[in-house]
Each structure stands twice: as C-alpha cells, then as structure tokens.
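Colleague: Before I ask anything, let me first share the structure, which is written out below as structure tokens.
The values are calculated or read from the model by the stated rules, or taken from the named source; none is laboratory data. A quick note: this is a predicted structure, and the numbers were derived from the prediction, not measured. No Cβ is skipped: glycine too gets one built from the backbone with ideal geometry, and neighbour counts run over all protein chains shown. With ligands, DNA and RNA removed, areas are computed over all heavy atoms of the protein, side chains included. Shrake-Rupley method; radii C 1.70, N 1.55, O 1.52, S 1.80 Å.
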Amino acid sequence: MTTDAIETVDPDIDESYADDIDDGPYVEENSGQVASHVGRDMVQNVHNWLGRYQAARELSETFVRETIETFVERRYGPAGLRREEAAGILRERRYVLLVADAGTGRRTAAVGLLGGVPSPRREIPIDDDEQRLLPVNEVPWSSYGRSAYLLTVPPGSRNGRLRELLIAYREAVEKRDSYLVVLVDRKSLERPEDVPGFTVLTVTAPAHEELLSQLLDDQRARLDVDTLLKTPPLPAMLEGATPAQIARLSRRIRDAAVDPQEPLAEIARKSVQAYQNWDEELVAWFEQNNDPRTRLFLIALAFLQGGQATNVLHAMEKLAKKLEEPANVRGGIGAPGIRQLAKNVNARIDDEHRIFFTLPSYDVAILRYVHGDQSKAFRTNLWSWASDLPIRRGGSPNARVAGQVASAMLAVTLALPGADAPEVRTLIERWWGYQTLRPLVVDLMTAVAMSPEAGAAMRGRLNQWASQSGRVTLLCAVAAVCGGALADAYPQAVLTRLNNLAGRGIDVVTDGVVEAVRSLWGRPLHRQATLRQVVDWAAGQDQRHDAGLRALAALSETPDRAGFLLAELAGDAERQTRLVHALSLLFTNEGPQGEFREALFRWLDAAAENPAYEDLITDLMIRVGGTGQGASVRLARMSDLLYDWQPLARDGDAPAARDLRGRLNEQLHRANPLAGT
C-alpha cells in the first residue's frame, strides 16, 4: 500500500469551528453510525451535533472553556506571545485584527484570545449568500451590555470598502463598551496596520504532532498514543496537514482502535486506509468480485450496518429488483447465503445475528466509492431504493431504519470531493408526508447546510428550491429548516429564503413561513431583523402581503406577545413608516379580517394595559388615516374597529379600554378632513 499525502483543502474554505476538539459528525466506535458518537438514533445524533455546532457559533461558555482546556499552544506575533499574553492585549486594547490564512487553526486561536475576556461572547454573522460583511445597522448586537465579538471576514472578501467597514464595526463595538476580534486573511487586507484603532496580531499554526496527540488525549488509558503516532505510516500523513485534516485523521484513528490489544502497526495501517477512504482496497475488491449479488449486498450493508443480517439480505434483493438485475441475483439455493456474503464483504455476524463491517469507516468509504464510480442513473435508483427502506405498508415508517439511511446520506455528502447534496431531495420528497419522519428530515437538511464540507452548496440549493421549485414538499421543508438552528448560524440567509417562499403565494407554504417567523421571534437576537422582514412583506402588494399580515398576527397571539412586538416597533421609525403603508392599504380596501383583525385587538389590549404603547398606536392610526383620497373611509373604518374591540355594552367591565377607545376616537375625529362638514 502506498501512503498518499493528505488531500489539499480549498483555500477559500475556512477551517472547522472546533479544529482542536472536533469538527463535525463522526463515529467514535465502529457501530455503523456516522452522525455522532453519542448513540444510534439519528435524530438525537444530529441534534447533539447541531447543539455543539451552535455552541461553537455562539461561543458559549462551555465551548470556550473546552477549547482553552484542549488548546495546543501557538505563538502570536509579532513578538512570539503565548496565548495568555495575547489575551492580555485584547483585554487592554479591546480591538484586535488577527491576521492568518484559512486552514491554519486561526479560529481556535481567536477563541483562545476571547477566552481571556469576560462573557458573553458572540459571533457576528455575515451575508452568507454574497460572502460579505453585513452593514453595521443590520448586525444583531447583543442586548447584554459589554460583550466580546468575533468577526470573520470572508476569505477573498468582496468588500471594496473593507477598511471603512472594519472602522464602522470597531466604532459600533466601542459604543457598546465591548471587545472585538476580527479574523482576516492576508489577501483580503494587504496593510492591516493601516486600519486605525486596531492592534494587529498574527498567529502560527499548531505543531502537527502535538495537535494530534492532544486530540487523542482521552484515549491514553487504553492506548499507547505516543508510540502509535510514531508508527508508520502515520508520521508521513502529518506532513503539510492542516488542523482540520489532522482532526479528521484523529477520528479515523479512533475508529481503527476498537481493539486496543491489536498491534499498533495494524491500527496505524487501518487508520491511514480509512483516512484515504479505503480507495485502493475498494478498487481491488470490485475487480475481484464481479458477482452482482455480492456487490449489492456490500452496498446494502453500507446503509444498514448493525441491523439484522436477514434484513440486510432482504433489502439487497429489493435493490436488485430496483436495478432490474436478473432474477437469480435475488435469491435461490445456488446463490451465496448470508454467511458467505458476510465473509466476502469483510463483515461479521454476532451472536444476535447483527452484521457489521470489520474495517473502520468502511460503510462511508463504500458509498463514497460507488458515488464516484457509477452513473447518475444508478445513484438516482440507489437513493430511491434507500428512501423506501423505512416505509411499511399500512403502518408508521421504521424510524430506526430511516435514521440509518439519513446517517448514510449525511456521511456520504460530507465525504464526497466538492461536497454537494443532490440526493437529499430524494429523501425529502419521499419522507415529508410522514409526520414522524419530518424532524429527521429537518435535522438532516440542517446538518448538511451547516457543515463546513457541503454547507455552501446546500444553502444555495435551499435558495434555489425556495425561488423556483414547484414541489410543495420541498418548499415546506425549506421553511421548516429556516425556522430552526440554521437561523442562528446564517440569519441573513434564512430571511432571504423565507422572503422567496413568502412570495410563492401557496397557502400551505405560507403556513410554514409563518411558523418559521414565530420560531425566529423566539430568538431575541433575530427579532429586529425578523420584524423588518415581516413588515416589509405586509407593506407590499404582491403575494408577500398576506404572508406579512399572517406573520404579524402570529407574533401577536397574546396581549403579552403583542406588547413585545410593539416594544420592538417603538424604537424603529423606518418600520413604523412601512407598517403605516401596510395598514393604509388594508383600511383602504375591505379592512382587516380574520386573524389579523384579532391581532389588532390584542395591540389595543396591550395599549390599554400599558400606557407606554398608547402614543405609538395613536400615531400609527392618525398616519394611516392620513390625508387625500380615501382618508375619511380609512378613519371611519378604524373607528368601527375600535367599537368592535370595545363594544359599548362592555364599557362597565373594562374602564381602561373604554377610556382608550374614547381618546383614540377623539384623535381620529380631529384628523378626519370631513368631520367638520
């Protein structure tokens, strides 16, 4: 076997979010699952991974602490400072430009700096679609007072005025008496020392051997890590490797070291083979095994490893039928049986008749190999077959099998060169009709969309679907994803996709958009941006108008929630103007109906309970009435609305509402141009 150099990484792709700890879904034990090491339930696995990823994006206290505890020392320039000394510079001077190229572990180095200042800490999002920084006034700044912020300038940034933007960010952070670390590569900013107000630091990459040793530190009780890392061919794999690549190699070592009694040379050999996706071995295997039954059993087991061996055999025969293989491939006493097939594909059957590969990370390698070696038509049939595996006639889908298929989809998507996600659509369209599988679909789509490997492609695909697809299942799935964890990492991208969905004018899709808006409203950091988007929809005259009104109604489901909305609106003069335009359109036509009418009642309830909102409601109503054509009609309809909200018959029970109605009616009467005629 030859030892190839570790594959290169596209310099425009940043390193993983936790390259000194772990950088994505992985298998800690050779149990056949690919999404995480926490168990066999895909939903729980991806949920845990997303939680970890979200903690990394949010720079949670736990994440920062774990990073510091596992930090591999590197030197900060220009004076060769240790982490604690560099963190002291941030504490003293507040604003640091950390200049380093992507793929060098620079984000972990930045977290090392932020660990030296008080929490809370936040990562500033960027415009993911355009790969550029957000305008300062669109940044969801923390409401917790003094904070520490991390901003990553997209590699090869398209910001023509980067210097001015960084100054604006520093000034915004300075107003908040906070800290700021900006990560920027050398190509994006040729003379960082010319950006006023910042202290410029550089950082070296961590030593390869030390980083790999640290990543395997928890294995020392069962494995001679120091000797293993000196065992060929592992040392050759570290030459020229990036921190993210070393993190991936560490996971392959974990996979290979299932039996710590196995010779270290064999563990090292298997680790490198697994890292290289068993390419040489699979080429040789397919050359030696021409029997379609054996080949299809290998592929079926790659999806269903850990299940009952007879179920894998049954699934293989379904695959043969799907591919229209000859009838003798699907069974017969003359065909190889389960145990012979297991031997032929490097698998074992345990005492409970469950079947496992004997080689680490072999299942993912097989799917990766097949994707690169077979036609598009074959891949389409393969995933169509896989999506059918959990479906049972007359009953609920098999959630365990669905989890295995989703795990396989996630793993192969992240493992493919130039990661993309074309086959994810097959699972969405097949499974979305089953309520029990929807959480799994959303978690799978979210995990792919947030992954360093395939995230950009998947987020682009979500936008394409939202804008162009005629498949309602896809549109609803995109809406659900936009209301989840993806929003915390890519808030601007989520709002863009929801805007496209809102413009489709499909009732069931609008339902999904409203649910997503409700979810975003529950995240305080997203409220201002969400309110801007929703009010803009309501102020439009296209399909988004209805979506905006329904969303505003959803955000006003109770008087308390209506109060929260009014509080956000009170500080945003531009949104007030847009809302006036939306309400003017509404009252010029037939007036508010249904759930939005009820929402307006709750706004009035909130104003009756809290006088602070009365001035806002009064101002909005007077401006909605306005002057010119239709003013009297609008004012009259608003007056009618007030009496529908607080009828005369209930005045004795609600004196505060009665008095508010009286004051508002008086203001409307004064504003009516026909009142005196």
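Colleague: Which net charge results for the neighbourhood of E58, defined as the other residues with beta-carbon distances under 12 angstrom from its beta-carbon, given Lys and Arg at +1 and Asp and Glu at -1? Intermediate results must be reported in sequence, preceding the final value.
Modeller: Details: positive: R52, R57, R121, R122, R523; negative: E61, E123, D488.
Net charge around E58: +2.
Colleague: A further question follows. Over all pairs of distinct alpha carbons, what does the Kirkwood formula give as the hydrodynamic radius of the range 118-191, in Å? Please list the in-between numbers first.
Modeller: Details: mean 1/r = 0.0789 Å⁻¹.
Kirkwood hydrodynamic radius for the range 118-191: 12.7 Å.
Colleague: What order do I428, I167 take when sorted by accessible area (1.4 Å probe), most exposed first? Don't skip to the end; give the middle numbers.
Modeller: Numbers: I428 0, I167 30 Å².
From most accessible down to least: I167, I428.
Colleague: Taking only C-alpha pairs under 8 Å that are 6+ residues apart, what is the relative contact order of the range 72-197 in percent?
Modeller: Working: 182 pairs, mean separation 38.1, N = 126.
Rounded, it is 30 percent for the range 72-197.
Colleague: I want the antiparallel fraction of DSSP beta bridges within the chain, as a percent rounded to 5.
Modeller: Working: 8 of 25 bridges.
In the chain, approximately 30 percent of DSSP beta bridges are antiparallel ones.
Colleague: Quick one: of K270/K343; K230/K343; K318/K376; K322/K376, which pairs are farther than 21 Å apart, Cα to Cα? It would help to have the intermediate numbers written out before the result.
Modeller: Numbers: K270/K343 19 Å; K230/K343 33 Å; K318/K376 19 Å; K322/K376 15 Å.
Beyond 21 Å: K230/K343.
Colleague: Could you tell me which of V64, Y149, V472 has its Cα farthest along the dipole of the chain towards the positive end, charges placed at Cβ (Lys, Arg +1; Asp, Glu -1), taken about the Cα centre?
Modeller: Highest projection toward the positive end goes to V472.
Colleague: Size of the dipole of the chain about the Cα centre, Lys and Arg at +1 and Asp and Glu at -1 on the beta carbon, nothing else charged, in debye to 20? Display every interim value, and only then the final one.
Modeller: Values: 78 positive and 92 negative charges, 221 e Å.
That gives a dipole near 1060 debye.
Colleague: As a test of the formula, what do you get for the chain when each DSSP H run with n ≥ 4 contributes -39,500 (n - 2.57) and the sum is divided by the residue count, at 222 nm and rounded to the nearest 500 deg cm²/dmol?
Modeller: So the calculated ellipticity at 222 nm is -17000 deg cm²/dmol.
Colleague: For the chain, build the charge dipole from Cβ charges (+1 Lys, Arg; -1 Asp, Glu) around the Cα centre, then report which of W603, G306, W383 sits farthest towards its positive end.
Modeller: The listed residue farthest towards the positive side: W603.
Colleague: Moving on. Could you compute the FRET efficiency for E193 and R91, with r as their C-beta to C-beta distance and R0 at 25 Å, rounded to 0.05?
Modeller: Values: r = 21 Å, r/R0 = 0.84.
Rounded to the nearest 0.05, the efficiency is 0.75.
Colleague: How far is it, in nm, from the label point at R400 to the one at N290 when both lie 7 Å from their Cα along the line to the Cβ?
Modeller: Taking the simple label geometry, R400 and N290 are separated by 3.9 nm.
Colleague: About its Cα centre, what dipole magnitude does the range 283-368 give when the only charges are +1 on Lys and Arg Cβ and -1 on Asp and Glu Cβ, stated in debye to the nearest 20?
Modeller: On the way: 11 positive and 9 negative charges, 23 e Å.
The dipole of the range 283-368 has a size of about 120 debye.
Colleague: Take the alpha carbon gyration tensor of the range 548-620, find the square roots of its eigenvalues, order them as a ≥ b ≥ c, and report rounded if a/c is under 1.5; if not, report prolate when a/b exceeds b/c, else oblate. Let's see the in-between values first.
Modeller: Details: a/c = 1.58, a/b = 1.18, b/c = 1.33.
Oblate is the answer for the range 548-620, as a/c is 1.5 or above yet b/c matches or exceeds a/b.
Colleague: How big is the dipole moment of the range 146-208 about its Cα centre under a simple scheme where the beta carbon of each Lys and Arg is +1, that of each Asp and Glu is -1, and everything else is neutral? Debye, nearest 20, please. Kindly include the intermediate steps, with their values, before the conclusion.
Modeller: Working: 10 positive and 8 negative charges, 33 e Å.
So the magnitude is around 160 debye.
Colleague: Multiply the residue gap between T310 and L416 by 0.36 nm, knock off their C-alpha separation, and tell me the result in nm, one decimal place. Before the final figure, lay out the partial values.
Modeller: Working: separation 106, 0.36 × 106 = 38.16 nm, distance 2.96 nm.
Extending this stretch completely gives an extra 35.2 nm.
Colleague: Now a separate question. Say each of D373 and S467 gets a label point 7 Å from the Cα, pointing the same way as Cα to Cβ; how far apart are those two points in nm?
Modeller: That separation, rounded to one decimal, is 3.8 nm.
Colleague: With every protein chain left in place, what is the accessible area per residue of the range 268-420 in square angstrom, probe 1.4 Å? Let's see the in-between values first.
Modeller: Working: 6520 Å² over 153 residues.
Computed with neighbouring chains in place, this is 43 Å² per residue.
Colleague: On to the next question. Which residues make up the longest stretch of the chain that has no trypsin sites (Lys or Arg not before Pro) in a DSSP loop with at most 14 other Cβ atoms within 10 Å? The partial results should precede the final answer.
Modeller: Values: sites that count: R82, R146, R158, R161, R186, K187, R220, R222, K230, R392, R393, R471.
For trypsin sites (Lys or Arg not before Pro) (loop position, at most 14 other Cβ atoms within 10 Å), the longest site-free span of the chain is 472-677.
Colleague: Another question, if that's okay. Accessible area of the chain with a 1.4 Å probe: how many percent of it is carbon plus sulfur? Before the final figure, lay out each step's value.
Modeller: Working: 13480 of 28600 Å².
Taking all protein chains in place, the chain shows 47 percent carbon and sulfur surface.
Colleague: Right, another one. Which whole-angstrom value gives the distance between the alpha carbon centres of the range 533-569 and the range 184-242?
Modeller: Going from one Cα centre to the other spans 48 Å.
Colleague: Then there's this: Using a 1.4 Å probe on the protein heavy atoms only, what accessible surface does D615 show? Give it in Å² to the nearest 10.
Modeller: 120
Colleague: Lys and Arg at +1, Asp and Glu at -1: add these up for the other residues within a Cβ distance under 15 Å of A477 and post the number. Please list the in-between numbers first.
Modeller: On the way: positive: R425, R430, R438, R459, R461, R471, R497, R504; negative: E423, E429, D443, D511, E515.
Net charge around A477: +3.
Colleague: Related question: Give me the net charge for the shell around L427: Cβ to Cβ below 14 angstrom, other residues only, Lys and Arg +1, Asp and Glu -1. Provide the component values of the computation, followed by the final result.
Modeller: Values: positive: R379, R425, R430, R438, R461, R471; negative: D388, E423, E429, D443.
Net charge in that neighbourhood comes out at +2.
Colleague: Another question, then. How high is the relative contact order of the range 146-227, in percent, with contacts defined as C-alpha pairs under 8 Å that are six or more residues apart?
Modeller: After rounding, I find 32 percent.
Colleague: Using alpha-carbon pairs under 8 Å, 6+ residues apart, how would you state the relative contact order of the chain in percent?
Modeller: Details: 1037 pairs, mean separation 72.5, N = 677.
After rounding, I find 11 percent.
Colleague: OK, next. Please state the shape class of the chain: rounded when a/c is under 1.5, otherwise prolate if a/b exceeds b/c and oblate if not, all from the C-alpha gyration tensor.
Modeller: Numbers: a/c = 2.82, a/b = 1.53, b/c = 1.84.
It comes out oblate by the Cα gyration axes.
Colleague: Which one, A402, V364, L238, is farthest towards the positive end of the dipole of the chain when Lys and Arg carry +1 and Asp and Glu -1 on their Cβ?
Modeller: A402
Colleague: Go ahead and run the numbers for FRET between T227 and D350, Cβ-Cβ distance against an R0 of 35 Å, rounding to 0.05. Don't jump to the answer; show the numbers that get you there.
Modeller: Numbers: r = 31 Å, r/R0 = 0.88.
With a Förster radius of 35 Å, E is 0.70.
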